[in-house]
1. Distance check, please: which entries in 11/118; 62/97; 71/100; 21/94; 71/116 exceed 25 angstrom between their Cα atoms?
2. So what does residue 54 come to for accessible area, using a 1.4 Å probe and Å² rounded to 10?
3. Under 5 Å between amide hydrogens, which residues at least 5 positions from residue 24 or on another chain qualify, with H placed 1.01 Å from N in the peptide plane?
4. Using a 1.4 angstrom probe on the protein heavy atoms only, line up 46, 40 by accessible area, largest first.
5. Strictly greater than 24 Å: what percent of every Cα pair in the chain meets that?
6. Counting only protein heavy atoms and a 1.4 Å probe, tell me what percentage of the chain's accessible area is made up of carbon and sulfur.
7. When you count, for each residue, the other Cβ atoms within 10 Å and take the mean per peptide, how do 12-20, 70-78 rank with the highest first?
8. With +1 on each Lys and Arg Cβ and -1 on each Asp and Glu Cβ, how big is the dipole of the stretch 1-104 about its Cα centre, in debye rounded to the nearest 20?
Amino acid sequence: MEMINAVGRRKASIARVYLTKGEGNISVNGKPYTDYFPQIHIQANITDPFAVVEAENIYDLKVNVRGGGFKGQAEAIRMAIARALVKLNEDFRKPLKDKKYLTRDARVVERKKYGKPKARKSFQFSKR
């Protein structure tokens, strides 16, 4: 099996995933994913696509991720892994699609408007 690559995006994060046959090592920006994401619930985000298709500890992952915060990065990685698994085997598409791992979440931060302190918040109104 050759290397399979895929891209995932979420908020301002972009993740590139390179999937190869191996024993389940996942490195994110040159570090083990458990070091890069110390929170357990965020680590679960990354391994979820493998659990859905019952393919844990079969593939090695090399991940490059940039932009955004840790949650956006983890969800971008999750999407990229799901896309790579679908490239590997088309039968994985249905269970991953049912869990919405292949859907791009388009919600991003709304831009700040002029004359306001934030996107929608206004300064306190004073009648007199």
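The values are calculated or read from the model by the stated rules, or taken from the named source; none is laboratory data. None of these values were measured; they are calculated from a predicted model. We place every Cβ from the backbone using ideal geometry, glycine too, and count neighbours over all the protein chains shown. Heavy atoms of the whole protein, side chains included, go into the accessibility calculation; ligands, DNA and RNA do not. Shrake-Rupley method; radii C 1.70, N 1.55, O 1.52, S 1.80 Å.
1. 71/116
2. About 150 Å², ignoring ligands and nucleic acids.
3. Answer set, sorted by chain and number: 58, 59, 60.
4. From most accessible down to least: 40, 46.
5. Details: 2730 of 8128 pairs.
So the pairs more than 24 Å apart make up 34 percent of the total in the chain.
6. 51 percent
7. Numbers: 12-20: 19.7, 70-78: 23.3.
Highest mean packing first, the order is 70-78, 12-20.
8. 640 debye
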